[in-house]
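Trainee: Below are the structure tokens for one structure; questions will follow.
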2 protein chains.
Amino acid sequence: MNQLKRLMLPVVFCCSMPAQAETPLGQRLATQGDPNRGIPACSSCHGPEGSGNEAIGSARLAGQSTLYLQRQIENFRDGRRANPLMRPWAEQLTPAERVAVSDYYAALAPVGQTTTPTSAPNPAIGTDLALFGDWPDRKLPSCIQCHGPSGQGVGANFPALAGQPYSYLLNQLTAWAQGTRSGDPLGMMQHVASRLTEDEMRSVAAYFAAQLVASTPEGIALNAPDETSPGAALESLPAPSPTSTGLQSEHIPNQDDIPAGRAPDTQGYFKPPSRHDRPEGPFGEMVALGEAIFTQTDTHPESAPHVGNGLTCRNCHLDAGRLANAAPMWAAWVSYPAYRAKSNRVDTLTSRLQGCFSYSMNAQDSVSGIPPDADSKTIVALLSYVYWLATGAPTGDRSIPGRGFSDIEEPAEGYDAKRGATLYRQNCAICHGARGAGTRKDDIPIFPPLWGPKSYNWGAGMHALNTAAAFIRHNMPLGGSIELTDQDAWDLSAFINSQERPQDPRFTGDLAETAQRYHGGRYDLYGTPSPLDGHRLGEGTPATTSGPRPH
Amino acid sequence: MNQLKRLMLPVVFCCSMPAQAETPLGQRLATQGDPNRGIPACSSCHGPEGSGNEAIGSARLAGQSTLYLQRQIENFRDGRRANPLMRPWAEQLTPAERVAVSDYYAALAPVGQTTTPTSAPNPAIGTDLALFGDWPDRKLPSCIQCHGPSGQGVGANFPALAGQPYSYLLNQLTAWAQGTRSGDPLGMMQHVASRLTEDEMRSVAAYFAAQLVASTPEGIALNAPDETSPGAALESLPAPSPTSTGLQSEHIPNQDDIPAGRAPDTQGYFKPPSRHDRPEGPFGEMVALGEAIFTQTDTHPESAPHVGNGLTCRNCHLDAGRLANAAPMWAAWVSYPAYRAKSNRVDTLTSRLQGCFSYSMNAQDSVSGIPPDADSKTIVALLSYVYWLATGAPTGDRSIPGRGFSDIEEPAEGYDAKRGATLYRQNCAICHGARGAGTRKDDIPIFPPLWGPKSYNWGAGMHALNTAAAFIRHNMPLGGSIELTDQDAWDLSAFINSQERPQDPRFTGDLAETAQRYHGGRYDLYGTPSPLDGHRLGEGTPATTSGPRPH
């Protein structure tokens, strides 16, 4: 027995500790390259920890999505990323090697740069573009809209920006703008970068370069060491105060300083006050709370107990409720109270907000099971935020341009859900997922679920074909890198709204009765056979996660 | 025994049924006059039922206040009413006869004219002046503001107008305007009539002449046979619709037709939409309900359970919330949500309205004991009404002219509650009563209680000296027939707010503690010795009806 044990030990040792020659393929390529084939080690440019190098403009690779990295290797091979160093390297790798080296870096704990770039011309501009974009004037969504609230990266399509070398980020923006980098989904980044000035590119690159990254159990957190909740990262992103952003004004406004009557924006729409003009004091704090709830409805501690799915207010009300033709909240403020046929009563904005919780955010499946009370902190904060957004808008102006989603006509040839399915795969699945389940990162919702148990329910306004078509036509994809036709928008709406979703909270227990009582009209498919599979819409169980139930 | 009975009968008969010669004095003068002294019977001109006579322009006397009638006899004697027929008659009456004949007519059931005058040039103008006045432009309160919601007459100072002969009413308005009638309290009617055109006089006279009167257990009801509740009379007075008022427009607006941006009124203040432009449909009905609750808060079935005193919204917010410098509600709409030190929170307009119920309308003594819920019909209706009043006002404009009560400075020499007491007796007691208890008629509040158990409580804004002074200075007496100085207003405010009123609902059980926690500053007398009698204000029991408790 002793003899036997002694004999076995080396075998066990041999299996559990491979010799250096058997370093895994990815690690070997990363740290040693393959000198025999003239392949350099990645680490020679990207650093031993894969954190990139400011001096030579190399990227941080550690912690990036493996699919993203594999795709970039392909882009280098194909010339969609023009890079004389990377192309020959990429051309030499076998498919297995591409996967292996990508897997290696994806699994590395991300460590960002520690040097602060000195060439940022205007920190305020960088912060604004990163966190808020320039949506009304240039249709520029914020960077964090897709790359995650900390710039931590989201899935295969939206790489991590936080802690990338400044020089790398600036080079990439320049490359997008000049057309020497492409291959991004829907040409989004080419579109965005081409709208930025050089100063803006430098500023926004500096913003993300300065975000330290640290590995946490939940993922990559923003540079906020005392904030442990992932949601707190976004919550800690208030409008930069004038002093911290370098704006010229020394004056910090209070509520009584807000000017009445506002100039329209460059598109002729009402222009809400700048985030930089948020008043100080308790009212300003309530406005900030309202904005935080509006943008993080399903994770914010005040509102989360009333959200039963994966949606936030800002999913439909883009640019945090500011954007014309995306149901801007300044238009809602001046439009209520009003009678609505849907509720068959006069709704106040309070009851409208409660309705959003009941339907669009499916409160019936939330922790509390109900929308927030009319005098709850959540409602008071949302009202304060929305009221402030409407500063200067004329009370009662229900025809204010840009209100709601600005309906588009149904095409003469109607609409086709199956054609919509193809369009969806091509254009929408990148963000919303092939099964419409949306994308979350670090338990923060990034892209909303469009159907299934975590989407809006059958009582929400968005389930009406005309409403969703208008939203899609005006607002999708974010930033408008491609323009959908009216026909596209109707087809997509029909596809999305032919899928199962949570039950209408007014459900009487009988589908036909519920359909008769609360639904109807040519743009409401509830209770009718799905054009996709013929099952009666509304019959799917709310717990179904995989789209429509076969019927 | 039988003999005795027979003997007694004539005696009993004699006492209980006086001979015709012993008709009561008042009745005799009214129906027979005193031929021996050349005094004609009143009925020869005023009709056998005292209902007046259109052909000769004599007044309806039946049902008028006896004090009012006695005062008119004196006015005829003294020439304050120039009348060649009435003067010699009045001069002949002894003091006892004046009382007797006045008592006789006051006790008669009022019966109005049945003839409809044909000379009313514009019914819409008459209705408007009678029910709403022309407050913003000419400081003309409505007639019913003082004469009661049916024109039924209120106390000794405001005679019945309903069912008076048209010719009589027109003659009186003309006499006020020309100065041939005077003797009215504070010169109110002279002031009002001098601002009316001849057409307006004819129109408003026609309005009241056409109001039939009928005796009911509750008093005199408006011509609304199927409305039995006294409160329903006022409730049944909606804004006349364009078709019924003879306005030129055939177009009945709905909510989406309300023009945004409104021209200011002739004083430069924001001008809310005309009552004639109220939208149709369910929203318009909700606006109408809100206006009804606003103007009849303590009697309307929706709101009455939350009113613990004798106040209505319109008591402080004059002209049904429309009047600048009387806390107009259009200014309130655009000013909330906002932080308030009083509540140490961000108040929405909903919580402000609830605060009015808690403090100004003393909900703690109401049937429910609490203000209406945030999503109650009362609040939704009030919000709808207020929102509509603000049509076109710029959201967030907290400096909109006329907002609140437009503070006035404390006079350099301070203020004096005892001087205020004298001013009060001279100017205010006419309407608000010598003990500040206000005036009700047919259980409808006409003039609000200013102190005592049915007034606003110690938590209401009006208990602050500067607030009440500003209200008084800008708005009292109604119509502005006399102009108070800043000093007058401060003295009156000090007098009124040195009186006892219902306890602050935030009362902790300890006066000093409550004062320390919720009160203070030089304009808040709560917890300090009353300048009138030295007792500590706030110590009076809420049930005290007779002003401050001796201490």
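The values are calculated or read from the model by the stated rules, or taken from the named source; none is laboratory data. Everything numeric in this text was worked out from a predicted model, so none of it was measured. Reconstructed Cβ throughout: ideal geometry from the backbone, glycine too, with neighbour counts over all protein chains shown. Keep in mind that these areas ignore ligands, DNA and RNA; they rest on the heavy atoms of the full protein, side chains included. Shrake-Rupley method; radii C 1.70, N 1.55, O 1.52, S 1.80 Å.
Trainee: Test B:Arg440 against the stated conditions and say whether it is more than 14 Å from chain A (Cβ to nearest Cβ), open to solvent by 20 Å² or more (accessible area, probe 1.4 Å) and among the charged types (D, E, K, R).
Mentor: Details: more than 14 Å from chain A (Cβ to nearest Cβ): yes; open to solvent by 20 Å² or more (accessible area, probe 1.4 Å): yes; among the charged types (D, E, K, R): yes.
Criteria met by B:Arg440.
Trainee: For residues in region A:150-190 being touching a residue at least 60 places away in the same chain (Cβ under 8 Å) and of a type in the set (Val, Ile, Thr), which is least open to solvent (accessible area, probe 1.4 Å)?
Mentor: Going through the qualifying residues, I end up with A:Val154.
Trainee: Quick check on my filter: what residues within region A:134-149 are assigned to a loop (DSSP other than H, G, I, E, B) and either on the phi < 0 side of the Ramachandran plot or open to solvent by less than 30 Å² (accessible area, probe 1.4 Å) (or both)?
Mentor: Residues of region A:134-149 assigned to a loop (DSSP other than H, G, I, E, B): A:139, A:141-143, A:148-149.
Correct list: A:Pro141, A:Ser142, A:Cys143, A:Gly148, A:Pro149.
Trainee: Among the residues of region B:280-295 satisfying the criterion of being open to solvent by less than 10 Å² (accessible area, probe 1.4 Å) and either free of Cβ contacts under 8 Å to residues at least 12 places away in the same chain or in contact with a Ser or Thr (Cβ under 8 Å, 6 or more places away or on another chain) (or both), which is nearest to B:Phe471 (Cα to Cα)? Give the derivation first.
Mentor: Initially, region B:280-295 is screened for residues open to solvent by less than 10 Å² (accessible area, probe 1.4 Å), giving B:283-284, B:287, B:290, B:293-294.
In the following step, the residues that additionally are either free of Cβ contacts under 8 Å to residues at least 12 places away in the same chain or in contact with a Ser or Thr (Cβ under 8 Å, 6 or more places away or on another chain) (or both) were identified as B:283, B:287, B:290, B:293-294.
Details: B:Phe283: 32, B:Val287: 26, B:Gly290: 23, B:Ile293: 22, B:Phe294: 18 Å.
Among them, the one singled out is B:Phe294.
Trainee: For B:Ser303, are the conditions met, namely being within 20 Å of the chain's Cα centre (by Cα) and either at pLDDT 70 or above or surrounded by fewer than 21 Cβ atoms within 10 Å (Cβ to Cβ) (or both)? Show your work before the answer.
Mentor: Values: within 20 Å of the chain's Cα centre (by Cα): yes; either at pLDDT 70 or above or surrounded by fewer than 21 Cβ atoms within 10 Å (Cβ to Cβ) (or both): yes.
Here the answer is yes, as B:Ser303 does meet what is asked.
Trainee: Of the conditions (1) open to solvent by 20 Å² or more (accessible area, probe 1.4 Å); (2) outside the structural domain of B:Ala469 (by TED's automatic domain parsing), B:Arg435 satisfies every one except a single condition; which number is it?
Mentor: (2)
Trainee: Can you tell me which of (1) more than 16 Å from A:Ala494 (Cβ to Cβ); (2) open to solvent by 40 Å² or more (accessible area, probe 1.4 Å); (3) among the polar types (S, T, N, Q); (4) out of contact with any His (no Cβ under 6 Å at 6 or more places or on another chain) is the one A:Ser368 doesn't meet?
Mentor: A:Ser368 satisfies every listed condition except (4).
Trainee: Go through region A:53-71 and give me each residue that's surrounded by fewer than 21 Cβ atoms within 10 Å (Cβ to Cβ) and in a loop (DSSP other than H, G, I, E, B).
Mentor: If the condition is that a residue be surrounded by fewer than 21 Cβ atoms within 10 Å (Cβ to Cβ) and in a loop (DSSP other than H, G, I, E, B), then A:Glu54, A:Ala55, A:Ile56, A:Gly57, A:Ser65 are the ones that fit.
Trainee: So A:Met201 clears everything in (1) open to solvent by 40 Å² or more (accessible area, probe 1.4 Å); (2) at pLDDT 95 or above except one condition, right? Which one?
Mentor: Condition (1) is where A:Met201 drops out.
Trainee: Go through region A:492-524 and give me each residue that's within 21 Å of A:Ala468 (Cα to Cα), hydrophobic (A, V, I, L, M, F, W, C) and more than 28 Å from the chain's Cα centre (by Cα).
Mentor: A:Ala515
Trainee: Please enumerate the residues belonging to region A:322-354 that are away from every other protein chain (no Cβ under 14 Å) and either on the phi > 0 side of the Ramachandran plot or touching a His at 6+ places or on another chain (Cβ under 8 Å) (or both). Spell out the reasoning first.
Mentor: Residues of region A:322-354 away from every other protein chain (no Cβ under 14 Å): A:322-327.
Within region A:322-354, A:Leu323, A:Asn325, A:Ala326, A:Ala327 qualify.
Trainee: (1) in contact (Cβ under 8 Å) with a residue 12 or more places away in the chain; (2) in contact with a helix residue (DSSP H, G or I) (Cβ under 8 Å, 6 or more places away or on another chain): which one isn't true of A:Thr508, the others all being true?
Mentor: A:Thr508 satisfies all of (1) in contact (Cβ under 8 Å) with a residue 12 or more places away in the chain; (2) in contact with a helix residue (DSSP H, G or I) (Cβ under 8 Å, 6 or more places away or on another chain) except (1).
Trainee: Tell me whether region A:304-321 contains one or more residues that are hydroxyl-bearing (Ser, Thr, Tyr), under 25 Å from A:Ala470 (Cα atoms) and within 14 Å of chain B (Cβ to nearest Cβ).
Mentor: Pass one, region A:304-321, residues hydroxyl-bearing (Ser, Thr, Tyr): A:312.
Filter again for under 25 Å from A:Ala470 (Cα atoms), leaving A:312.
Cutting the leftovers down to within 14 Å of chain B (Cβ to nearest Cβ) gives us none.
No - not one qualifying residue is present in region A:304-321.
Trainee: Another one. Kindly indicate whether B:Gly38 is under 27 Å from B:Leu161 (Cβ atoms), outside the structural domain of B:Leu170 (by TED's automatic domain parsing) and modelled with pLDDT under 95. Please lay out each step first, then the result.
Mentor: Working: under 27 Å from B:Leu161 (Cβ atoms): no; outside the structural domain of B:Leu170 (by TED's automatic domain parsing): yes; modelled with pLDDT under 95: yes.
No; evaluated as a whole, the condition is false for this residue.
Trainee: Still on this structure: Considering each residue of region B:363-411, count those that are facing chain A (nearest Cβ under 7 Å), small (Gly, Ala, Ser), part of a loop (DSSP other than H, G, I, E, B) and in contact (Cβ under 8 Å) with a residue 24 or more places away in the chain, and give that number.
Mentor: Residues flagged as facing chain A (nearest Cβ under 7 Å), small (Gly, Ala, Ser), part of a loop (DSSP other than H, G, I, E, B) and in contact (Cβ under 8 Å) with a residue 24 or more places away in the chain within region B:363-411 amount to 5.
Trainee: Still on this model: With the requirement that a residue be touching a helix residue (DSSP H, G or I) at 6+ places or on another chain (Cβ under 8 Å), surrounded by fewer than 20 Cβ atoms within 10 Å (Cβ to Cβ) and assigned to a loop (DSSP other than H, G, I, E, B), what does region A:529-541 give you?
Mentor: Residues satisfying the conditions are A:Pro531, A:Leu532, A:Glu539.
Trainee: May I ask you to say which residue of A:Pro394, A:Pro453, A:Pro449 is within 22 Å of A:Cys143 (Cα to Cα) and surrounded by 22 or more Cβ atoms within 10 Å (Cβ to Cβ)?
Mentor: Numbers: A:Pro394 fails: within 22 Å of A:Cys143 (Cα to Cα); A:Pro453 fails: within 22 Å of A:Cys143 (Cα to Cα).
Only one candidate qualifies: A:Pro449.
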